Structures are given as C-alpha cells and as structure tokens.
Amino acid sequence: MSLSRRAKEVSPSATLQITAAANRMVKEGKDVVAFGAGEPDFDTPEVIKQEAIKAIQSGFTKYTPTTGIVDLKDLISKKLKTENALDYPASSVVVSCGAKHSLYNIIQVLIDEGDEVLIPVPYWVSYPEMVKLAGGTPVFVQTKKENDFKIDVNALSQYLTKKTRILILNSPSNPCGVVYDRQDLEKIADFCVKNNIICISDEIYEKIVFDGFKPVSIASLNDKIKKLTVTVNGFSKSYAMTGWRLGYCVAEPEIVSAVSNLQDHSTSNPTSFVQKAAVMAFSLQDDYFNDICAKFQERRDYIIKRLDGLKEFLSYKKPDGAFYIFVNISKTGLDSFTFSKRLLEEALVAVIPGAPFGCDDYIRVSFATSMEKIKKGFDRIEEWIKKTQ
Ligand SMILES: *Cc1c(COP(=O)(O)O)cnc(C)c1O
C-alpha cells in the first residue's frame, strides 16, 4: 500500500502531540500542570447548551442547507455589520465545521499546484500544512520580537514572486498574541491591493483582547481590500465551543460559491443542532466577553510578573490578545523540543515547543487554565530553571 504524496507531506499536529503525552502522564497519576491548551478552560454557556438540547428534542437533526441555516447566516451577517463594519449579505456567508474547516476550504479553492502563500512567522501550525495539502508552497515571512512580531510591510516585497497568491493574517494571533492596529492593517491592505494578493484574515480570537484593545477587520478598510479578503471567524474561542465545531467565512460571491461547492461534496452542512445553538450564542451580551477578557488579562499579568523575575533565562512579548504567551528560551541554550520535553518530564509542566510555529527558540504557554494552576506551574518552572541552568 502506498499513501498519496499529499498525505505523506503533512506533519502531525505538534500541539496535539504534547497534549497527548501530558494526558498520558496524568492517566498514570502524575500531577501535571498543563499549559498546552488551545481552547478556553471555561464551560460553554448554559443558554447555548440548552438550545442544542431543545433542537435535538424537537427533531432538528436532519440535513440543513450546505452553507448553513438562514437564521444563523442572517445573524452572522448582522454581527459583521455592527461589530466589524463589514457589509456582507447572508448569502455571502458559508458556515463550516469550525474555522479550521473554513480555512481549509478557502485554501483548497484558491490555489493551484505551486502557488505560493505568504505566512508570517510565528504562525498557527495548521496554515503551512493546509497550503501543502492544496499543492501550494508556504512562504514564511520573518518577523522580529522587537517589532512585536508584526510583518514589516516594506520587507514583504522581497517574498513576492509571480506565483504569490495569498497572505494569511491572524490578529489577534496564536501563538504570540499580536494584534494589528488600523495603521498596520492599512499598510498590509495597500500591499495586497497593489500586488493583487488575496488576504485570508483569521479573526478567531477577535473577542479575546486586553487593555481595551479593539481589533479591526482588514476588509473594513476600503472596498478594494474587501474584494480581496476572505474573513474567517467562529464560535470555538469566543464562546468556549471548541468541541462543537462551528466556524464561518465571508468573501466575494465567486469565492463563496466555490467554497460552497467544495463543501457540498465533502462535509455538507455543519451539524444541524449546533447551528441552532450558535444562533443563541449571539444573544450573549458584552458583559460576558468583558468578564472573560478580565479573567484572561489577570492571568496574563500574573505570568508576566513571574517571567520578569526570570529575566536571566526567559523573555517574552506581552500579548495584546488571545490566551497564549510566546516565551523566548534562547538563553537556556536548549531547542524548543528539548526544553518542552525536559520541563514535562522533570518538572511536570506541559508547554508547546515553538518549532512547529516556526520558532525553535520559543515555547508557547497557554493561560487558558486556572490562576491556581498557573501559580503552581510557574513555581515549578522557576525552581526547575534555576536548578538546571
Ligand atoms: C483555534 C484556532 C482556529 C480554529 O478554530 P476552530 O473554529 O475550532 O476550528 C483557527 N485559527 C487559529 C489561529 C486558532 O488558534
């Protein structure tokens, strides 16, 4: 038996690998503090759960239209208008099985063999693999910690070739919590428009921002960039609904119809009763998000204090959004896998190595866990690093 070239080229998700190793140790009875989580530690809000139960009991368990039910698409269209200044009719929305699925679909319909996709480093681990699965070539755009890991637009043109088709933007970002402001986005938009490059804007962490930061959707800047942008969002991170699998994209009609066709012949519609539950998610008010952001911010600030006490070993860039802190470990002289493996085995703390995000001298620490665990974990990290360094 021989697997396809496509399948052979894809790497397994490294974030899931470490989580699996940590879970194994927990099963063996070890008291592991896990900073690997890529999902909120909060429970899905009760109103959303109840709506799903109601939908199941009322028999809403059959196929729906491929791109989603009308009431959900209407609400998404309304949300984008009021919150993101994006004017798209419900017919321009495709609801999929998670934002990851939306991203996969978009990349599948936009690139041909050999097409190049610009991916800023550090990147979410799935972007390059999705590009490879579509036959494309990921082109990594280097960024600097001193520049808050933001793209230097002046340096972008050096990556351009005749095959450049897409730029992937993720703000607030996983793994470093960078949030692009309006000025940054204007420069990126100009670059895309000038070079006719499609921008995939992954806005999944939009609701998780600190110090009152207000994320801007790049497609809202002007009509020219709107025509070139596919905006992706979903319910996983904002509503603690990771396991429900629901996300969406909006774009120009041509792209939307291609994504819809692809979905027709792959997954069809996302789960019917999950869509009903998501309708209810839109009833949650600002205080729900304010509360979540306040909790994450308190944790971030605590971690920063602890890291400031370990300056001889570790440095970081303060995240403005999402729930991760990307920590530079170069002073330890260890690569990211060795660091993470030893920290897990010797100090029972699980973090994610930076290499799969494109940065081998970093680790990713998730603060989607309780303050109590964060304190315990950082006590252990401090003791371990002082002992071994
Ligand atoms: C979690 C995550 C996603 C995927 O979210 P789902 O809706 O659960 O598929 C997409 N992009 C980034 C950067 C993420 O961290």
- Message: Could you go through the stretch 85-103 and let me know if any residue there is in contact with a helix residue (DSSP H, G or I) (Cβ under 6 Å, 6 or more places away or on another chain), free of Cβ contacts under 8 Å to residues at least 40 places away in the same chain and under 30 Å from residue 5 (Cβ atoms).
- Response: no
- Message: Among the residues of the stretch 139-152, are any closer than 30 Å to residue 315 by Cα, within 15 Å of the ligand (Cβ to nearest atom) and either outside the structural domain of residue 365 (by TED's automatic domain parsing) or of a type outside the set (D, E, K, R) (or both)?
- Response: yes
- Task: Working carefully through the options 37, 21, find the one that is at pLDDT below 95, surrounded by fewer than 19 Cβ atoms within 10 Å (Cβ to Cβ) and not assigned by TED's automatic domain parsing to the domain that holds residue 243.
- Result: 21
- Task: Working only within the stretch 104-127, note down all residues that are within 16 Å of the ligand (Cβ to nearest atom) and free of Cβ contacts under 8 Å to residues at least 40 places away in the same chain.
- Result: 104
- Item | Unique match (being surrounded by fewer than 22 Cβ atoms within 10 Å (Cβ to Cβ) and either touching a Phe, Trp or Tyr at 6+ places or on another chain (Cβ under 9 Å) or not polar (S, T, N, Q) (or both)) among 128, 120, 138 | 138
- Collect the residues in the stretch 75-103 that are under 16 Å from the mean Cα position of the chain (by Cα) and either surrounded by 21 or more Cβ atoms within 10 Å (Cβ to Cβ) or more than 14 Å from the ligand (Cβ to nearest atom) (or both), keeping them in residue-number order. 96, 97, 98, 99, 101, 102, 103
- Task: Give the residue, chosen from 294, 368, 355, 278, that is within 27 Å of residue 203 (Cβ to Cβ) and without any contact (Cβ under 8 Å) to a residue 12 or more places away in the chain.
- Result: 294
- Regarding residue 139, is this residue at pLDDT 95 or above, more than 18 Å from residue 251 (Cβ to Cβ), assigned to a strand (DSSP E or B) and not basic (Lys, Arg)? yes
- Within the bounds of the stretch 5-26, is there any residue that is of a type in the set (D, E, K, R) and not in a helix (DSSP H, G or I)? no
- Within the stretch 87-102, work out how many residues are in a loop (DSSP other than H, G, I, E, B) and hydrophobic (A, V, I, L, M, F, W, C). 1
- Task: Return the only residue of 167, 160 being within 16 Å of the ligand (Cβ to nearest atom) and either charged (D, E, K, R) or over 18 Å from residue 213 (Cα atoms) (or both).
- Result: 167
- Item | Only one of 259, 193 that is in contact with a helix residue (DSSP H, G or I) (Cβ under 6 Å, 6 or more places away or on another chain) and away from the ligand (no atom under 16 Å from the Cβ) | 193
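So if I check each of 267, 229, which one is among the polar types (S, T, N, Q) and away from the ligand (no atom under 13 Å from the Cβ)? Outline the logic, then answer.
Working: 267 fails: away from the ligand (no atom under 13 Å from the Cβ).
Checking each option against the conditions leaves just 229.
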- Select from the stretch 288-308 the residues that are basic (Lys, Arg), more than 16 Å from residue 320 (Cβ to Cβ) and touching a helix residue (DSSP H, G or I) at 6+ places or on another chain (Cβ under 7 Å) and list them in ascending order. 306
- Query: For the stretch 232-254, which residues satisfy the criterion of being more than 10 Å from the ligand (Cβ to nearest atom) and either in contact (Cβ under 8 Å) with a residue 40 or more places away in the chain or buried (at least 24 other Cβ atoms within 10 Å of the Cβ) (or both)?
  - Reply: 239, 240, 249, 250, 251, 252, 253
- Note on the structure: Pairs returned, first residue in the stretch 16-30 that is small (Gly, Ala, Ser), second residue that is surrounded by 13 or more Cβ atoms within 10 Å (Cβ to Cβ) and modelled with pLDDT of 85 or more, beta-carbon separation under 7 angstrom, 6 or more apart or interchain, are 21/344; 22/32; 22/34; 22/36; 22/344; 22/350
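The values are calculated or read from the model by the stated rules, or taken from the named source; none is laboratory data. Computed from a prediction, not measured in an experiment: that's the story for all the values here. Note: ideal-geometry Cβ built from the backbone for every residue, glycine included; neighbour counts use all protein chains shown.
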